[in-house]
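Below: one structure, written as structure tokens.
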Amino acid sequence: QVQFVESGGGLVQPGGSLRLSCAASISIFRLNAMGWYRQAPGKQRELVATISGSGTTNYVDSVKGRFTISRDNAKNTVYLQMNSLKPEDTAVYYCNRHPPTTIYWGQGTQVTVSS
């Protein structure tokens with residue numbers, strides 16, 4: 001059974017940084033494209049960033065230039081470096097395949113950007 005465990009969230013002031021990690025229970029090399037998603041209170045879950053098996057990345061416009069997705073296949077881990085955080089980035093962040101597989105959703109990690 002595939003499991004993703006997200007970590008690294010927390011409370012940060014506007015303009016601050018956080019690095020999220022997503023540890024997979026199986027080889028992410030086999031999963032090919034991976035993504036980070038987020039769900040803010042009262043909103044639907046949205047795709048934030050993706051990374052292909054070859055390392056090609058894509059971002060939603062609202063995080064371009066601020067967030068960086070990366071992967072370490074040897075560690076079965078996907079990362080999301082978040083800089084210049086804004087209050088509107090507040091959400092629970094999840095990782096999953098891209099496109100996502102419903103049964104693979106984990107608990108996520110809470111990111112709160114507030115002064």
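Brief remarks follow.
- Close Cβ contacts (under 8 Å, 6 or more residues apart or on different chains) running from residues in the stretch 100-115 that are open to solvent by 50 Å² or more (accessible area, probe 1.4 Å) to residues that are acidic (Asp, Glu) comprise 107/6.
- Check on residue 27, in contact (Cβ under 8 Å) with a residue 40 or more places away in the chain and surrounded by fewer than 12 Cβ atoms within 10 Å (Cβ to Cβ): yes
- Qualifying residue in the stretch 7-17 (condition: surrounded by 16 or more Cβ atoms within 10 Å (Cβ to Cβ), of a type in the set (A, V, I, L, M) and within 12 Å of the chain's Cα centre (by Cα)): no
- Taken over the stretch 69-99, the residue count meeting the criterion of being open to solvent by less than 30 Å² (accessible area, probe 1.4 Å), without any contact (Cβ under 8 Å) to a residue 60 or more places away in the chain and not in a helix (DSSP H, G or I) is 4.
The values are calculated or read from the model by the stated rules, or taken from the named source; none is laboratory data. Since the model is a prediction, treat every value here as computed from it, not as a measurement. Positions of Cβ are generated from backbone atoms using ideal geometry, with glycine treated the same way; all protein chains shown enter the neighbour counts. To get the accessible areas, we keep the full protein, side chains included, count just its heavy atoms, and leave off ligands, DNA and RNA. Shrake-Rupley method; radii C 1.70, N 1.55, O 1.52, S 1.80 Å.
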